[in-house]
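Just below is one structure, and these are the notes that go with it.
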Amino acid sequence: MNFKLTVSHYQLPLKYPFTISRHTVHMQETLIVSISDGTITGYGEATANPYYGITIQKLKASIKSVRAEIESQKGAHPETLWHHLEPKLRHDYFALCAIDCAYWDYFARKNKRTLRSFWNNGESNLPKTNYTIGIDEIPVMTEKVKQKPWPIYKIKLGMENDLEIVEALRNATDAVFRIDANCAWEVDEAIQKSKALKALGVEFIEQPLKAENWDGMSMLKKESALPFIADESCKTLEDVAKCAEVFDGINIKLMKCGGITPALKMIEKGRALGLKVMLGCMTESTIGISNLVQLAPLLDYIDADGAMLLASDIASGVQFQNGTVLYPKDFGSGAKLLL
């Protein structure tokens with residue numbers, strides 16, 4: 001059984017300029033990897049990401065370097081393929097993610113199963129996804145909340161007027177708030193803001209300090225009024241144990257860790273260490289989102305709104321109704337490329 005691996009480059013326009021503490025994005029570049037036997041096709045995705053040093057050129061080169069090995073393999077289990085490719089793509093887990101997800105999707109479709117059925121087929125009591133509000137002028141952020149009624153919002157912070165932002169948004173909605181500072185705060189600032197944010201009904205805070213500031217996080221965990229979830233500090237399986245010492249939970253992202261295969265191991269290890277487990281997304285198409293929500297039955301929290309931030313999508317697949325995951329009825333991830 002020989003496979004054909006296809007790589008397609010897309011530019012995804014955003015509905016609004018999306019600002020976090022370190023940059024503003026108007027358009028997201030992404031690569032879609034397709035693995036096909038001529039009849040059945042699986043899809044995976046990897047986006048460009050300046051913070052992690054990922055460019056479209058790097059992704060293409062990484063995938064090209066292992067194309068022949070993938071196309072000549074003989075229907076191995078996805079975990080076997082991942083462990084074979086990982087040493088060769090250790091420098092580019094985003095590319096490995098796209099390949100791993102595409103092959104998992106193909107493998108599930110080939111076996112006439114949904115992807116999630118390989119680890120948990122339950123669809124009740126799934127966590128609801130949040131909807132992200134990027135940094136902007138307060139009236140603009142407030143208007144975005146009003147235009148998109150949702151049960152849970154992730155609010156990007158990292159400005160001098162952080163508390164004013166949350167106060168204004170709290171006046172606009174009674175929804176659950178989650179805060180993401182994207183490494184923007186210092187220890188004392190985070191301690192003080194956590195107290196004020198708790199009073200404003202915030203559930204938890206993601207990545208308050210710089211990713212490598214472990215000593216600061218140790219101090220912060222002792223003094224904070226709210227739980228903290230590691231994002232930039234938790235990239236791969238090797239980071240989970242260290243995060244357990246100073247965080248209350250981890251935000252796993254498929255592109256950071258290298259795909260579904262390692263994400264399953266990270267979830268297992270996080271659970272064993274008593275951590276809350278969240279799965280997050282990049283700004284990406286419904287190809288990537290449909291893959292990541294296959295893990296929703298295993299999670300406490302999920303951030304899967306990446307495709308909702310787009311002005312136009314390139315795929316169909318999973319949908320969300322008031323935060324609730326609505327899985328497509330097709331096998332695999334259920335995603336279909338439209339362009």
Taking the stated definitions as given, is Met278 within 20 Å of Ala181 (Cβ to Cβ) and in a helix (DSSP H, G or I)? no
Among the residues of the range 242-256, count how many are outside any helix (DSSP H, G or I) and of a type outside the set (Gly, Ala, Ser). 6
Lys110 vs (1) under 19 Å from Asn291 (Cβ atoms); (2) within 21 Å of the chain's Cα centre (by Cα): all pass except (2)
Members of the range 1-25 found to be of a type in the set (Lys, Arg) and either part of a strand (DSSP E or B) or crowded, with 17+ Cβ neighbours inside 10 Å (or both), listed by number: Lys4, Lys15
Of the residues Gly75, Gly42, only one is among the small types (Gly, Ala, Ser), over 20 Å from the mean Cα position of the chain (by Cα) and either part of a strand (DSSP E or B) or modelled with pLDDT under 95 (or both); which? Gly75
Any idea which residue in the range 315-339 is surrounded by the most Cβ atoms within 10 Å (Cβ to Cβ), counting only those that are within 18 Å of the chain's Cα centre (by Cα) and not small (Gly, Ala, Ser)? Val318
I need every pair where a residue in the range 186-200 that is over 14 Å from Phe228 (Cβ atoms) has its Cβ under 6 Å from the Cβ of a residue that is hydrophobic (A, V, I, L, M, F, W, C) and surrounded by fewer than 17 Cβ atoms within 10 Å (Cβ to Cβ), sequence separation at least 6 or different chains. Ala196/Leu163
Within the range 46-78, take every residue that is touching a Lys or Arg at 6+ places or on another chain (Cβ under 9 Å) and of a type in the set (Ser, Thr, Tyr) and give me the one that is surrounded by the fewest Cβ atoms within 10 Å (Cβ to Cβ). Tyr51
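The values are calculated or read from the model by the stated rules, or taken from the named source; none is laboratory data. Because the structure is predicted, anything quoted here is derived from the model rather than measured. We place every Cβ from the backbone using ideal geometry, glycine too, and count neighbours over all the protein chains shown.
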